[in-house]
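Quick notes on the structure that follows.
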Amino acid sequence: MTASELAEVERCANEAIWQNLALKCWIPDPEELKTVFYRTKRALPWPVRIVDVQNYDICACCGVHVKYTGEVGLIKLLSCVKFHQGVRIELLCGQRAYSYVNQIVEQNRKISRLLSAKMPETAEAVENLQKTYQEGYLTPELEVLEVAVEQGFSQSNLEDPVEGPEQSWK
C-alpha cells in the first residue's frame, strides 16, 4: 500500500466511527450463511458468527465487538508492511491513538520552537537546516538542535517550563 492509500483507509475508518453506525452481529443458519457474502481467510464450519458494519465491512469474527462504531474512538494507522499474501497494519485506537497524536503534536511544537518555525513548516525547516549543514554553515538553530540531539532530547532541554513533562502514550 502507498502512503496515500493508507491515509485513505484511515480516513474511511474514522468516517465510519464518526457516523456511529450500529454493528449487526449474528449467527446465520446454514442456509442463510450460503447467501451472506463475508470476508474470511478460509472456509469456516458452521456456526459462523458474522459482523456487519453497514456499508463498510462484513466478516466472520469470534472476537468481542462494540455495539456502535463511535465507541472505538479515533483510529490512527502507524505502519503497513507486506505479510504473506496481504498486509499487516499497525494501528492505535481510542485513548491510545489520542495520546499518541498529542505526543506527536507536542514533539512538533518543541521542534518548531527550536527551529523558530511554524508547526506546519517544521519539515521544511529541517530540510533547510540539512542543506545549511551540507553546505558547511553552522547556524545558531543547528547548534541548539545538535546539543539537543547529543543530550538525547532530555527533559531539561526540551521541557516546557509552564506545562511540565509529558506523559507516555503507552
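The values are calculated or read from the model by the stated rules, or taken from the named source; none is laboratory data. Being a predicted model, the structure only gives us computed values, none of them experimental. Heads up, the Cβs are rebuilt from the backbone with ideal geometry, glycines too, and the neighbour counts pull from every protein chain shown. We work out accessible area using only protein heavy atoms, side chains counted, and drop any ligands, DNA or RNA first. Shrake-Rupley method; radii C 1.70, N 1.55, O 1.52, S 1.80 Å.
Brief remarks follow.
- When the range 134-170 is limited to residues that are open to solvent by 100 Å² or more (accessible area, probe 1.4 Å) and under 24 Å from L78 (Cβ atoms), the one that is modelled with the lowest pLDDT turns out to be K170.
- Cβ pairs under 9 Å, 6+ apart, first in the range 27-55 and at positive phi, second open to solvent by less than 60 Å² (accessible area, probe 1.4 Å) and outside any loop (DSSP other than H, G, I, E, B): N55/A16
- Within the range 16-39, being more than 27 Å from L74 (Cα to Cα), part of a loop (DSSP other than H, G, I, E, B) and touching a strand residue (DSSP E or B) at 6+ places or on another chain (Cβ under 9 Å) holds for I27, P28, V36, F37.
- Odd one out for K131 among (1) over 25 Å from the mean Cα position of the chain (by Cα); (2) at pLDDT 85 or above; (3) surrounded by 14 or more Cβ atoms within 10 Å (Cβ to Cβ): (3)
- Pairs meeting the criteria (first residue in the range 121-145 and within 16 Å of N108 (Cα to Cα), second residue at pLDDT 85 or above, beta carbons under 6 Å, at least 6 apart or on different chains) are T122/N108; T122/I111; T122/S112; A125/L115; A125/A117; E141/L115; V144/L114; L145/L114.
- Residue within the range 40-54 that is open to solvent by 40 Å² or more (accessible area, probe 1.4 Å), in contact with a Gly (Cβ under 8 Å, 6 or more places away or on another chain) and outside any helix (DSSP H, G or I) present: no
- For first residues located in the range 1-26 and touching a residue at least 60 places away in the same chain (Cβ under 8 Å), partners that are part of a loop (DSSP other than H, G, I, E, B) and surrounded by 15 or more Cβ atoms within 10 Å (Cβ to Cβ) and lie 6+ apart or on another chain with Cβ distances below 7 Å form the pairs N14/L74.
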